[in-house]
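Asker: Quick one: the structure is below, questions incoming.
A short reminder: the numbers here are calculations on the coordinates, not readings from a lab. None of these values were measured; they are calculated from a predicted model. Methodologically, a virtual Cβ is constructed for each residue, glycine included, from the backbone with ideal geometry; neighbour enumeration extends over all protein chains shown.
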Amino acid sequence: MSDLSADGALIAANIETVKQRMAAACARVGRAPESVTLLPVTKTVLAERLRAAYAAGGLRQCGENKVQEAREKAEALADLDLSWSVIGHLQTNKAKYVARFADAFQALDSLKLAEALERRLEVEGRTLDVFIQVNTSGEESKFGLEPSAAPAFAQALAPFERLKVRGLMTLAIFSAEEAAVRACFRRLCAVQAEIREATPGAQVDELSMGMSGDFEWAIEEGATLVRVGQAIFGPRPLPDEHYWPGLGSKREKETP
């Protein structure tokens with residue numbers, strides 16, 4: 001077996017291990033394992049490793065923080081049946097790229113960006129699943145809407161025919177304190193309830209929350225999608241600043 005084949009098999013095995021942990025978390029709170037989806041976060045993972053993981057049967061979805069990296073990998077792996085989600089902050093001038101290839105965008109937090117995506121999707125003749133990003137920790141380093149602003153924002157998205165709102169996304173506080181992390185997840189559940197009350201029939205069924213260090217807590221609090229990177233692909237060789245220098249003061253410091 002080649003080194004890449006062995007690596008692909010290891011990644012596939014790690015995915016199964018994470019799924020087992022997800023199922024155990026579901027069991028602890030009386031949920032069905034199939035009620036939660038795993039999104040492998042593939043940022044900084046080389047395309048050839050992803051190809052090997054696909055061949056091993058473990059990888060079918062990829063989550064990427066940076067649109068340029070996502071585009072390059074999507075093009076390199078275009079022959080594979082992979083679904084691509086962009087999960088990081090997006091500048092308006094890069095909306096055209098997401099509109100061309102992404103299946104989902106999980107960090108929608110402004111009408112200006114929604115308008116840019118809608119225009120480009122119209123040109124491409126595509127639709128896009130979107131998640132509203134909510135800042136549940138109150139940290140200035142994070143993007144996302146204030147929880148109180150989310151219901152009105154969800155209502156404002158109704159006219160956008162190309163954007164298919166699927167749910168909400170958040171990043172919990174970067175803390176070892178379980179109570180503080182869980183509070184962020186509970187806050188997102190509360191926002192979901194507020195949106196449903198303000199707009200009966202609103203399609204916000206999905207809750208994207210939880211990463212490598214806290215996805216089990218997130219599942220216990222109601223997550224329907226968890227974003228897991230390092231628990232699947234191993235630690236990144238260098239900090240995020242190496243891969244994306246100059247990300248600015250609002251760089252998301254957490255690592256899926």
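Asker: Among the GluC sites (Glu not before Pro) in region 164-210, which ones are in a DSSP loop with at most 14 other Cβ atoms within 10 Å of the Cβ? Mind listing them?
Answerer: Loop-located and lightly packed - GLU177.
Asker: So what is the calculated 222 nm ellipticity per residue for the chain, using -39500 (n - 2.57) for each DSSP H run with n of 4 or more, over all residues, to the nearest 500 deg cm²/dmol?
Answerer: -12500 deg cm²/dmol
Asker: Could you list LEU113, LEU207 in order of exposure, starting from the residue whose Cβ has the fewest other Cβ atoms within 10 Å?
Answerer: The most exposed by this proxy come first: LEU113, LEU207.
Asker: Which of LEU225, LEU168 has the fewest other C-beta atoms within 10 Å, and how do the rest follow up to the most?
Answerer: Fewest to most other Cβ atoms nearby, the residues stand as LEU225, LEU168.
Asker: Further question on the same structure: For the chain, give me the percentage of DSSP beta bridges that are antiparallel, rounded to the nearest 5 percent.
Answerer: Looking only at bridges with both residues in the chain, the antiparallel portion is about 0 percent.
Asker: Let me ask something additional. Would you mind computing, in nm to one decimal, how far apart the modelled labels at GLN91 and GLN68 are, each placed 7 Å from Cα along Cα→Cβ?
Answerer: 0.9 nm
Asker: Let me ask something additional. Using the alpha-carbon centroid of each, what span in Å lies between region 43-118 and region 128-185?
Answerer: Using only Cα atoms, the two centres lie 19 Å from each other.
Asker: Run the quick spin-label model on ARG60 and GLU34: label points 7 Å from Cα toward the beta carbon, then report their separation in nm to one decimal.
Answerer: Output for this residue pair reads 1.2 nm.
Asker: Taking the Cα centre of the chain as the origin, how large is its charge dipole in debye, to the nearest 20, when only Lys and Arg (+1) and Asp and Glu (-1) carry charge on their Cβ atoms?
Answerer: Computed charge dipole of the chain: roughly 240 debye.
Asker: Oh, and also: Give me the net charge of ALA104's neighbourhood, meaning all other residues with Cβ under 10 Å from the Cβ of ALA104; Lys, Arg count +1, Asp, Glu -1.
Answerer: -1
Asker: Which pairs, out of LYS43/LYS164; LYS19/LYS66; LYS43/LYS112; LYS66/LYS94; LYS66/LYS164, put more than 19 Å between their alpha-carbon atoms?
Answerer: Going by Cα-Cα distance, LYS43/LYS164; LYS19/LYS66; LYS43/LYS112; LYS66/LYS164 fall outside the 19 Å limit.
Asker: Still on this structure, I have one more. Let me understand the chain better: what is its radius of gyration from the alpha carbons, and its Dmax, in angstrom?
Answerer: Considering the chain through its Cα atoms, Rg and Dmax are 17.6, 56 Å.
Asker: Moving on. Mind sorting SER110, SER208 by how few other Cβ atoms lie within 10 Å of their own Cβ, fewest first?
Answerer: The order, fewest Cβ neighbours first, is SER110, SER208.
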